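The next block holds one structure in the form of structure tokens; read it before the comments.
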Amino acid sequence: MDYTDLDDLIRGYLPNVTSDEDKATLAGMITRASRTLDGRTRREENAFAPAPAEAAGRVFYGEGSAVLRISEYVAGSIDSVTGPASSLPEGYVEFRRAKITGLHTATTQKILTPRVAWERGVPYTVTARFGFEATPGAVVEATNQLVRAWWRQQAGETFGAVGDVGQRPQPERGIPKLVDELIAPYVLDDVVAEEDEGTIERGSLFDADTNSTGGRGWGRW
């Protein structure tokens, strides 16, 4: 799926593009930019497409922690969680921490504790509306900005940051800084790097009901 509309892009960012040939080129750039953002945020292809109307099942494996990491899903859309009877926790609550979406095995009164784990290596099937309710506005804007940058690079235009006064302006190349700033909240953590740093084992827990900063504690998820 493309994360922006060709007509909206031209109207808002490249109004001088009028020929059918140039529009076809831009359409291809939009698709390429959309897939580039998938990869740059470490997500699967079409990750920012609106979620399907119907819930569907996906399999996720436990990591021996209180949080079962799962793909992005529409809040409140989880229909069921199934797995081997001997390994299935008695209950769970939706859990969101910076860039982490999952299910937390909260105890009674929805207090988040690390005592009950989703067993490592055990497959759990979660049925939900996976994806975003709608493509995030920041991702749409990042797609527009990236395509415009590529178009200008192709045309040899000068844009982006300029160095010292008197220095000849240089065109910005690659992924513009603004694009990275826009998608920064959606870039998934590098799990391998976190494990190496020893930081993946702890974090500020979120309130189980509101998913916002509530009572804080340290411990294994």
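Tabulated values for the structure
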| read-out | value |
| --- | --- |
| Normalised contact order of the range 29-132, rounded percent, pairs of Cα under 8 Å and 6 or more residues apart | 41 percent |
| Leading residue at positive end of dipole, the range 7-106 (Cβ point charges), from 106, 17, 28 | 106 |
| Mean accessible surface per residue for the range 1-130, computed with a 1.4 Å probe while every protein chain stays in place, in Å² | 52 Å² |
| Computed over the range 1-122, the ratio Rg/Rh where both radii use C-alpha atoms and Rh is Kirkwood | 1.17 |
| Carbon and sulfur %, accessible surface of the range 1-135 computed with the full protein complex present, 1.4 Å | 48 percent |
| Nearest-0.05 FRET efficiency for residue 32 and residue 107, computed from C-beta distance (R0 45 Å) | 0.40 |
| Against the rule of thumb 2.2 N^0.38 Å, how large the Cα Rg of the range 17-67 comes out | 1.78 |
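The values are calculated or read from the model by the stated rules, or taken from the named source; none is laboratory data. Just so we're clear, the structure is a prediction, and the values are computed from it rather than from any experiment. Note that we place each Cβ from the backbone using ideal geometry, even for glycine, and neighbour counts take in every protein chain shown. All accessible areas refer to the heavy atoms of the entire protein, side chains included, with ligands and DNA or RNA removed. Shrake-Rupley method; radii C 1.70, N 1.55, O 1.52, S 1.80 Å.
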